[in-house]
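Only one structure is covered here, and it is reproduced in the block below.
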């Protein structure tokens, strides 16, 4: 389940999920971005990132592009925006998990 949410987040940029899944996967995605930042210059980390994404070359390339955008950022690569909708039966809270594109370089 965790890997499916991460793959969807990499492909689509944002996903709608429950709050508990978003909190769990936010930490994992931030670790993958940090690994991607190291993978820009080192082949070992590129292979490690590829193994974490089940050797999917398309996802590995997208992850490296995300890491290049956030190269000067010190963390906090993803954000959680809570939605007002809840599931009527289980009272589960929903949110949107996304990674905002870093526009810090464009503003300077």
Counted residues, the stretch 1-16 - those being more than 15 Å from residue 56 (Cβ to Cβ) and buried (at least 18 other Cβ atoms within 10 Å of the Cβ):
1
Name every residue in the stretch 74-99 that is loosely packed, with under 14 Cβ neighbours inside 10 Å, within 21 Å of residue 30 (Cβ to Cβ) and in contact with a strand residue (DSSP E or B) (Cβ under 6 Å, 6 or more places away or on another chain), in order of residue number.
81, 82
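Rule-based calculations on the coordinates, nothing more; no lab input. Here the structure is a predicted model, which means the values were calculated and not measured. Methodologically, a virtual Cβ is constructed for each residue, glycine included, from the backbone with ideal geometry; neighbour enumeration extends over all protein chains shown.
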